[in-house]
Amino acid sequence: MSEAVIEKIDNDGMVRLTINRPKALNALNSDVLLALETHLVELEAHPNLRGVLLTGAGEKAFVAGADITEMRDKTPEEARDFASQALRTIKRLETLPVPVVALVNGFCLGGGCELALACDWAVASDNAVFGQPEVLLGVIPGFGGTQRLPRRVGPAMAIDLVTTGRKIDAQEALRIGLVNRVMPQAELEGYVEELTKQLKGNGAQAVRGAKQAVHDGLDQDLDSALALETSLFAFCFAGSEQKEGMSAFVEKRKPNF
């Protein structure tokens, strides 16, 4: 495994992970998945983590899919192991306690789309192309696409995409709710700066609690989810962030979190 397949930049708790195989359109192979999982394990223990940005190197692709060259000759047992490795890694990404944002540039297909779906939201450049084209290769999505995609865009649209294998552009991805924003590629860095400023200006524990409430509440009935929210809301009052935030509001100044 080469650590170079993932580049990591830590800007005072805002961490950018870049999948760095531009000649292969950043395709996911075993080395990439293992390197990504290694970084995610480290981030789980990061004492000052505020957010994670995930992108792909170059202008052509976020991740164009799983590496077909590696998958082509796998046995069913080897395919299961490969999918299990990917699912384990992607689950770690999904369950990080801070906001995780996909910066999608270019192709976001197959495993790349499944990786973006595990992020809390996605921002796409106007040249982005999305799809789950696995059926064109004689297989189905194996990294969570059949499950996370319908939860993001609804079952009818998900079945459309996974059974036709058709590709959609950034504007259609925005329309169906697959991404949150679309902008020219040159403006992505400005968005990163804006998001970094926003997250660093908020209470870190409050941000974590808000994400936990949404994620954990989705798997519960409404009354149980509201009880979870109440507990997390009350927990905020046990720390210093609530006192600083509310004091700053009353005193008409910016909070110092």
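Using the per-residue mean of other Cβ atoms lying within 10 Å as a proxy for protection, in what order, highest first, do the peptides 191-198, 124-131, 70-77 fall?
Values: 191-198: 14.1, 124-131: 22.1, 70-77: 10.9.
Per-residue mean Cβ counts within 10 Å order the peptides as 124-131, 191-198, 70-77.
Given H placed on each backbone N at 1.01 Å, which residues far from Asn127 in sequence or on other chains put an amide H within less than 5 Å of it?
Gly106, Gln185
Karplus couplings for the range 174-180 from phi (6.51 cos²θ - 1.76 cosθ + 1.60, θ = phi - 60°), rounded to Hz, Gly and Pro as x?
My calculation for the range 174-180 gives 5, 4, 8, x, 6, 10, 8 Hz in order.
For a test of the definition: using alpha carbon positions, the gyration tensor, and the 1.5 limit on a/c, classify the range 50-178 as rounded, prolate or oblate.
On the way: a/c = 1.45, a/b = 1.19, b/c = 1.21.
Here the range 50-178 falls in the rounded category.
Of the lysine pairs in the chain, how many meet both conditions: Cα atoms under 24 Å apart, and a spacing of 8 or more in sequence or different chains?
24
Of all the Cα-Cα pairs you can form in the range 1-100, what percent are over 22 Å apart? Display every interim value, and only then the final one.
Working: 1462 of 4950 pairs.
In whole percent, the long-distance tail amounts to 30.
With the other protein chains left in place, how much accessible area per residue, in square angstrom, belongs to the range 50-90 at a 1.4 angstrom probe?
Spelled out: the 1.4 Å probe surface of the range 50-90, per residue, equals 53 Å².
If you project the alpha carbons of the range 203-251 onto the principal axes, what extent comes out on each, in Å, largest first?
39, 16, 16
Quick one: accessible area per residue over the range 203-251, 1.4 Å probe, rounded to a whole number of Å²?
In whole numbers, the range 203-251 has 70 Å² accessible per residue.
Have a look at the DSSP beta bridges in the chain and tell me what percent are antiparallel, nearest 5.
About 30 percent, rounded to the nearest 5.
Which ³J(HN,Hα) values, rounded to whole Hz and listed in residue order, are derived for the range 82-92 from phi using the Karplus coefficients 6.51, -1.76 and 1.60 in 6.51 cos²θ - 1.76 cosθ + 1.60 with θ = phi - 60°, glycine and proline given as x?
5, 5, 5, 4, 5, 5, 5, 5, 5, 5, 4
Where the Cα atoms of the chain are projected onto their three principal axes, how long is each span, largest first, in whole Å?
Dimensions of the chain along the principal axes of its Cα atoms: 63, 40, 34 Å.
With the dipole of the range 6-199 worked out from charges on the C-beta (+1 for Lys and Arg, -1 for Asp and Glu) around the Cα centre, which of Thr75, Leu149, Thr55 lies farthest toward the positive end?
About the Cα centre, the residue reaching furthest to the positive side is Leu149.
For Cα pairs less than 8 Å apart in space and 6+ apart in sequence, what is the mean separation divided by the residue count of the chain, i.e. the relative contact order in percent?
RCO, the chain: 14 percent.
Under the Karplus relation 6.51 cos²θ - 1.76 cosθ + 1.60, θ = phi - 60°, what is the ordered set of whole-Hz ³J(HN,Hα) values for the range 115-121, x standing for Gly and Pro?
In residue order, the calculated couplings are 5, 5, 5, 7, 7, 5, 7 Hz.
Report the local net charge at Glu187: Lys and Arg +1, Asp and Glu -1, summed over other residues whose C-beta lies under 11 Å from its C-beta.
Overall, the nearby charge balance is -3.
Calculated from DSSP H runs of 4 or more alone, at -39500 (n - 2.57) each and per residue, what is the 222 nm mean residue ellipticity of the chain, nearest 500?
-14500 deg cm²/dmol
Which order do Asp67, Asp221 take when ranked by solvent-accessible area (1.4 Å probe, heavy atoms of all protein chains), largest first?
Asp221, Asp67
Carbon and sulfur: what percent of the chain's accessible surface (1.4 Å probe)?
Whole-percent figure for carbon plus sulfur exposure: 56.
Could you give the length gained by full extension between Ser240 and Asn127, i.e. 0.36 nm per residue of separation minus their alpha carbon distance, to one decimal place? Could the numbers behind the result be given before it?
On the way: separation 113, 0.36 × 113 = 40.68 nm, distance 4.37 nm.
So the chain would gain 36.3 nm between Ser240 and Asn127.
Once the Cα atoms of helix 222-236 and of the chain are each reduced to a long axis, what angle between those two axes, in degrees from 0 to 90 to the nearest 10, is obtained?
50
Amide H neighbours of Leu53 under 5 Å, counting only residues 5+ apart in sequence or on other chains, H built in-plane at 1.01 Å?
Close amide H contacts, sequence-distant or interchain: Val15, Arg16, Leu17, Val101.
For the pair Glu187/Glu70, report the inter-label distance in nm, with labels modelled 7 Å from Cα in the Cβ direction.
3.5
The values are calculated or read from the model by the stated rules, or taken from the named source; none is laboratory data. Being a predicted model, the structure only gives us computed values, none of them experimental. Positions of Cβ are backbone-derived with ideal geometry, glycine not excepted, and every protein chain shown enters the neighbour counts. These accessible areas exclude ligands, DNA and RNA; they are computed on the full protein's heavy atoms, side chains included. Shrake-Rupley method; radii C 1.70, N 1.55, O 1.52, S 1.80 Å.
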